[in-house]
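> Sharing a structure here in structure tokens format.
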Amino acid sequence: MFGETILAKAGRVIDACRDAGLMMVTAESCTGGLLTGALTAIPGSSEVIDRGYITYSLHGKIEMIGVPAQMLAEHGAVSAAVARAMAGGALSRCQPRIKLAVAITGVAGPGSTSPTKAAGLVYIAVAQEGRGIIEEKYEFGDIGRDEVRMASVEAALDLILQRLE
């Protein structure tokens, strides 16, 4: 299901979290659980992965992980602010046991219904207790729905590793 590169990076994330004694939660929109799937494809991932939220709709983001409705109205679901709120919300819902959260929101395509948010635009955020939240913006382009989603998974793994290593 996942390529060698993604599985290798997922393994590195699992090892890094295990070494640091961190449990992780995910909050995914455009990837629909693919990041969690890649992480849980690694044997022993249950020592590190607690749960994954799939918050594809606006209501899911609000109800499941506490993204403020006003923020969604002002910035839209695909924004740095919402990615940060998703990661922070997922982390806060799972504390004190969980210490790391990653969130992905974006436009997988094909095409886009927004004049300002093109297909391939993705925001990823990583929240870690005591270290705050980092986020990155990615512009993969309209390379195809599956390709944007897999590129997002790989980018999220890279961002987690950047935070942990």
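Read the figures in this text as sums done on the coordinates, not as results from a lab. Small disclaimer: the values here were computed from a predicted structure and weren't measured. Cβ coordinates were reconstructed from backbone atoms using ideal geometry, including for glycine residues, and neighbour counts include every protein chain displayed.
> With Cβ to Cβ distances under 12 Å as the rule, what net charge do the other residues near Val153 carry (K, R +1; D, E -1)? Before the final figure, lay out each step's value.
Working: positive: Lys9, Arg149; negative: Glu28, Asp146, Glu147, Glu154, Asp158.
In short, -3.
> At what distance in nm do the modelled label points of Met1 and Arg18 sit from each other, each positioned 7 Å from its Cα along Cα→Cβ?
Rounded to a tenth, the inter-label distance reads 2.0 nm.
> Which is farthest toward the positive dipole end of the stretch 4-164 among Ala77, Gln128, Thr116, measuring Cα position about the Cα centre, with Cβ charges +1 (Lys, Arg) and -1 (Asp, Glu)?
Gln128
> Follow-up question, since we're still on this one. Sequence-distant or interchain residues sharing an amide H contact under 5 Å with Phe140, placed H: which?
HN-HN under 5 Å from Phe140: Leu121, Val122.
> Something else now. Quick one: Karplus J couplings for the stretch 149-161, per residue in order, coefficients 6.51, -1.76, 1.60, θ = phi - 60°, nearest Hz, x for Gly and Pro?
Ordered by residue, 3J(HN,Hα) equals 5, 5, 4, 5, 4, 5, 5, 5, 4, 4, 5, 4, 4 Hz.
> What is the antiparallel percent of DSSP beta bridges lying wholly in the stretch 4-164, to the nearest 5?
Working: 15 of 25 bridges.
Of all bridge pairs located within the stretch 4-164, approximately 60 percent are antiparallel.
> Another question, if that's okay. Filter the trypsin sites (Lys or Arg not before Pro) in the stretch 1-106 down to the DSSP loop ones having no more than 10 other Cβ atoms within 10 Å, then list what survives.
When the trypsin sites (Lys or Arg not before Pro) of the stretch 1-106 are filtered for loop state and at most 10 Cβ neighbours within 10 Å, Arg97 remain.
> Post the alpha-carbon centroid distance, the stretch 81-119 to the stretch 1-48, in whole angstrom.
Taking the Cα centre of each part, the stretch 81-119 and the stretch 1-48 sit 16 Å apart.
> Based on alpha-carbon atoms only, what is the radius of gyration of the stretch 4-164 relative to the globular estimate 2.2 N^0.38 Å? Can you show the working numbers first?
Working: Rg = 14.5 Å, N = 161, 2.2 N^0.38 = 15.2 Å.
Rg over 2.2 N^0.38 Å, computed on Cα atoms: 0.95.
> Additional query: Once label points are set 7 Å from the Cα along Cα→Cβ at both Ile134 and Ala41, what is their separation, rounded to one decimal in nm?
Once both label points are built, they end up 2.4 nm from each other.
> So, in nm, how far is label Ser57 from label Ser112 when the simple model puts each one 7 Å beyond its Cα toward the Cβ?
Each label point lies 7 Å from its Cα, and together they span 2.4 nm.
> Give the aspartates and glutamates whose C-alpha is closer than 19 Å to that of Lys137, dropping any in the same chain fewer than 8 places away, or say none.
Glu28, Glu74, Asp146, Glu147, Glu154, Asp158
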